[in-house]
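Beneath this line is the structure, given in structure tokens, with notes to follow.
Just so you know, all these numbers are worked out from the coordinates, no wet-lab data involved. What you see is a predicted model, and the numbers here were worked out from it, not measured in a lab. Every residue, glycine among them, receives a Cβ derived from its backbone with ideal geometry; neighbour counts consider all protein chains shown.
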């Protein structure tokens, strides 16, 4: 056993059994099962697990209410198990707002016969989410609002590349919500997330940011003050750059680092095509995606930043990036926007303004 103790909550007896078998075969001890949110909250209080897998739609009390009550009574990392539907996508993001760490989509729908083909992925994610230290939430707070900068304070045509995975959605929102429009970034965001969720993710960031954020479509072009979120299930690569505007193409090439979209694909293509200033940022997430991308950005004199361990839900991707030796700054989440702004100053690292 890995030492990880879990509560499995789902209104389907079949799904509870399948998920329990997968987790226990993977070394996770399932200490209780729950048929609805009420039972899930009670099970957390009684058994004090390390992690909860939470169905979205359940009778008596749904997953959102259950997450909210768990966070109030005994804060515990929660992984939402979401059906691949539009309604579940909306509800899942609301659960993240209430405190859930991340989500895992059930292949095939609400009662899925296909869960077993993703058993390794599920076990890895449950184990990673279980290791989230909720005390880290107390180490982050809203950063003070600085004086509004002017466009003259920044290099011309900077491009910001952001990669994240487990625990990343809220972190990406936090960074984008504090970026000044005067900096004029072109922003490319790669968040490991399935198709059907990335459009809603982009809309959420758009509503919280002064940047114009949308889900990427093949052939999209963006200029200053605009951002694209990689579409779930497709790599986003920079295909063209001219006069401060970049074009992306979406591909269904094989997964890289076992994921698609991959941060490495976006960052490496940007480094090949863009000759204006580049800033690469790796946020919380499991795995090593982004490490090679950071090296590519640094190879063209870009500036690179990684989220620190103390504020990362999962210190996998940032750690691998840092281990390359090509990360310029390791920062707490609330300091990353300031780090990005510094990186876009003409005097930062000297050569940035001359690329």
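Here are the numbers for the structure shown:
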{"read-out": "P(r) tail fraction, region 151-354 - alpha-carbon pairs more than 20 Å apart, %", "value": "48"}
{"read-out": "Using alpha-carbon coordinates, inclination of helix 168-177 to the longest axis of the chain, degrees", "value": "40"}
{"read-out": "Most mobile listed residue (55, 253, 334) in the chain, GNM with C-alpha springs under 10 Å", "value": "253"}
{"read-out": "Sorted by Cβ density within 10 Å, fewest first, the residues 241, 211", "value": "241, 211"}
{"read-out": "Least to most buried among 125, 236, 61 (fewest other Cβ within 10 Å first)", "value": "61, 125, 236"}
{"read-out": "Candidates 66, 343, 32, ranked by Gaussian network fluctuation over the chain, Cα under 10 Å, top entry", "value": "32"}
{"read-out": "When the convex hull of its Cα atoms is projected in every direction, mean area for region 153-230 (nm²)", "value": "4.9"}
{"read-out": "Overall Cα dimensions of the chain, principal axis frame, Å, largest first", "value": "61, 41, 35"}
{"read-out": "Projected label distance in nm at residue 301 and residue 240, using a 7 Å step from Cα toward the beta-carbon", "value": "2.7"}
{"read-out": "Convex hull of region 5-132 built on C-alpha atoms - directionally averaged projected area, nm²", "value": "6.3"}
{"read-out": "Computed lengthening from residue 345 to residue 208, 0.36 nm per intervening residue step minus Cα-Cα distance", "value": "46.9 nm"}
{"read-out": "Cα long-axis angle, helix 63-73 against the chain (0 to 90 degrees, to the nearest 10)", "value": "90"}
{"read-out": "Extended-chain gain in nm, criterion 0.36 nm per residue less alpha-carbon gap, residue 217 and residue 310", "value": "30.0 nm"}
{"read-out": "Gap separating the Cα centres of region 9-24 and region 282-347, nearest whole Å", "value": "37"}
{"read-out": "Contact order normalised by residue count of the chain, Cα under 8 Å, 6+ apart, percent", "value": "13"}
{"read-out": "Extension reserve of the residue 14-residue 119 stretch, reckoned as 0.36 nm per residue once the Cα distance is removed", "value": "36.3 nm"}
{"read-out": "Order of 319, 249 under a 10 Å beta carbon neighbour criterion, fewest first", "value": "249, 319"}
{"read-out": "Square roots of 5 times each gyration tensor eigenvalue, C-alpha, region 46-95, largest first, Å", "value": "20, 11, 9"}
{"read-out": "Value of relative contact order over region 3-54, rounded to a whole percent, pairs C-alpha under 8 Å and six or more apart", "value": "52"}
